[in-house]
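Colleague: Got a structure for you, questions after.
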Amino acid sequence: MPRQQRDYATAEARHGLGGVLRSLRSARYVNHPAAVARAEFKPGQLQMFVDLGLRVPATLVTNDVAAAREFARTHPSVVCKTFRGLPPGEDGRAGAIWTQRVRSEDFDDSLAVTAHLFQAEVPKDGDVRVTVVGRRVFAQRITGPRGAVDWRCGDWNDLVHAPVAVPAVVEDALHGYLAAAGLVFGCFDFALTGDGSSPDDWWAIECNPNGQWGWLPDAPAITEAFADILSTEGTSSSS
């Protein structure tokens with residue numbers, strides 16, 4: 001269809017069918033679409049992490065080139081990441097921009113076009129993906145080859161996974177985050193310094209309220225947790 005008609009049909013379906021699905025009173029959502037939409041804004045996530053006592057890298061959100069250059073000069077190493085990622089191109093395929101290191105001399109006036117997320121790079125020993133479903137917590141330490149800044153950008157077959165214990169204070173913060181955001185499920189990403197035994201080793205990066213988990217080694221147990229929480233007979237049905 002022509003673009004205007006296609007956009008109209010898409011919007012009508014979203015507000016029609018989507019409006020019905022958002023309003024079902026007897027349904028159990030994991031997660032409710034409205035809660036997911038609210039929870040996808042990274043600046044709000046970071047502020048909530050701080051409020052809950054989690055460690056967060058120094059962060060700057062700006063489209064001001066002078067502010068970005070000053071931030072890059074202030075910290076030994078700085079990374080840039082996207083808020084949402086690339087929309088689909090003309091061929092309909094979506095893309096991704098991975099987290100990458102940047103320097104003050106990389107910035108020019110084109111930075112003013114939109115908002116950017118800059119963070120001081122954490123000298124990490126690895127990454128951790130924590131999947132929380134109701135009260136159940138699944139944590140996997142992820143080590144990429146050659147110390148990649150973003151483990152997602154390479155061959156996932158080269159990643160090394162190992163279960164890791166989440167410190168109690170960090171786990172409490174994750175449950176607090178989900179409760180405050182109105183979520184039942186979330187995938188949390190952490191940069192890990194040290195062996196992870198101390199809460200100070202855990203640096204909160206983001207929470208994906210609709211994250212992927214099927215590729216993780218503990219996916220079967222996560223599947224059971226979802227089935228449990230969605231079942232009226234499950235032990236977590238009150239969540």
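Colleague: Subtracting the Cα-Cα distance from 0.36 nm times the residue separation, let me have the gained length for A94 to R28 in nm, one decimal. Could you put the intermediate results ahead of the total?
Modeller: Working: separation 66, 0.36 × 66 = 23.76 nm, distance 3.01 nm.
Fully extending the segment from A94 to R28 adds 20.7 nm.
Colleague: For a quick check: with amide H placed at 1.01 Å from N, whose amide H comes under 5 Å from V78's, ignoring anything fewer than 5 positions away on the same chain?
Modeller: V102, E121
Colleague: Another question about this same structure. Label-point separation (nm) for T10 and T223, each offset 7 Å from Cα along Cα-to-Cβ?
Modeller: For T10 paired with T223, the spin-label model returns 3.3 nm.
Colleague: Which is farthest toward the positive dipole end of the chain among F138, T10, F226, measuring Cα position about the Cα centre, with Cβ charges +1 (Lys, Arg) and -1 (Asp, Glu)?
Modeller: Selected residue: T10.
Colleague: Summarise the long-distance tail of P(r) for the chain by giving the % of C-alpha pairs beyond 22 Å.
Modeller: The share of Cα pairs beyond 22 Å in the chain comes to 61 percent.
Colleague: How big is the Kirkwood radius of the stretch 54-107, worked out from every pair of different alpha carbons and given in Å to one decimal?
Modeller: Final number for the Kirkwood radius of the stretch 54-107 is 13.0 Å.
Colleague: Follow-up question, since we're still on this one. Please turn the phi angles of the stretch 33-47 into ³J(HN,Hα) values with the Karplus equation 6.51 cos²θ - 1.76 cosθ + 1.60 (θ = phi - 60°), one per residue in order, whole Hz, x for glycine and proline.
Modeller: Each residue's phi maps through the Karplus curve to give x, 5, 5, 4, 4, 5, 8, 8, 8, 5, x, x, 4, 4, 5 Hz.
Colleague: Which whole-number value in Å² is the accessible area per residue of the chain, probe 1.4 Å?
Modeller: Dividing the accessible area of the chain by its residue count gives 57 Å².
Colleague: Hey, got the dipole for the chain? About the Cα centre, +1 on K and R Cβ, -1 on D and E Cβ, debye to the nearest 20?
Modeller: 620
Colleague: Using a 1.4 Å probe on the protein heavy atoms, what percent of the accessible area of the chain belongs to carbon and sulfur?
Modeller: Carbon and sulfur atoms account for 52 percent of the accessible area of the chain.
Colleague: At E70 and S110, where each label point lies 7 Å from the Cα along Cα→Cβ, what is the point-to-point distance in nanometres?
Modeller: If labels sit at E70 and S110, their model points lie 2.5 nm apart.
Colleague: For the stretch 170-217, max minus min Cα coordinate along each principal axis, in Å, sorted largest first?
Modeller: 30, 27, 16
Colleague: Hey, what do the phi angles of the stretch 15-30 turn into as Karplus ³J(HN,Hα) couplings, whole Hz, using 6.51/-1.76/1.60 and θ = phi - 60°, x for Gly and Pro?
Modeller: 7, x, 4, x, x, 5, 5, 5, 9, 5, 7, 9, 8, 9, 9, 9
Colleague: Take the Cα radius of gyration of the stretch 1-135 and divide it by 2.2 N^0.38 Å, with N its residue count; two decimals is plenty.
Modeller: 1.37
Colleague: Still on this structure, I have one more. Calculate for the chain the 222 nm mean residue ellipticity that helices alone would give, adding -39,500 (n - 2.57) per DSSP H run of length 4 or more and normalising by residue count, nearest 500 deg cm²/dmol.
Modeller: The helix contribution divided over the chain gives -9500 deg cm²/dmol.
Colleague: Can you tell me the FRET efficiency between V50 and A179 if r is taken as the Cβ-Cβ distance and R0 is 22 Å, rounded to the nearest 0.05?
Modeller: 0.85
Colleague: When averaged across all projection directions, what area in nm² does the alpha-carbon convex hull of the stretch 102-189 cover?
Modeller: In nm², the orientation-averaged hull projection of the stretch 102-189 is 8.3.
Colleague: So for each of 128-135, 83-90, 196-203 I average, over its residues, the number of other beta carbons within 10 Å; can you give me the resulting order with the highest mean first?
Modeller: Output ranking for 128-135, 83-90, 196-203: 128-135, 196-203, 83-90.
Colleague: Hey, what D do you get for the stretch 153-193 in µm²/s if you plug the Kirkwood alpha-carbon radius into Stokes-Einstein at 20 °C and 1.002 mPa s?
Modeller: 171
The values are calculated or read from the model by the stated rules, or taken from the named source; none is laboratory data. Owing to the predicted nature of the structure, the values given are computational and were not obtained by experimental measurement. Here Cβ is always computed from backbone atoms with ideal geometry, including for glycine, and neighbour counts include all displayed protein chains. Heavy atoms of the whole protein, side chains included, go into the accessibility calculation; ligands, DNA and RNA do not. Shrake-Rupley method; radii C 1.70, N 1.55, O 1.52, S 1.80 Å.
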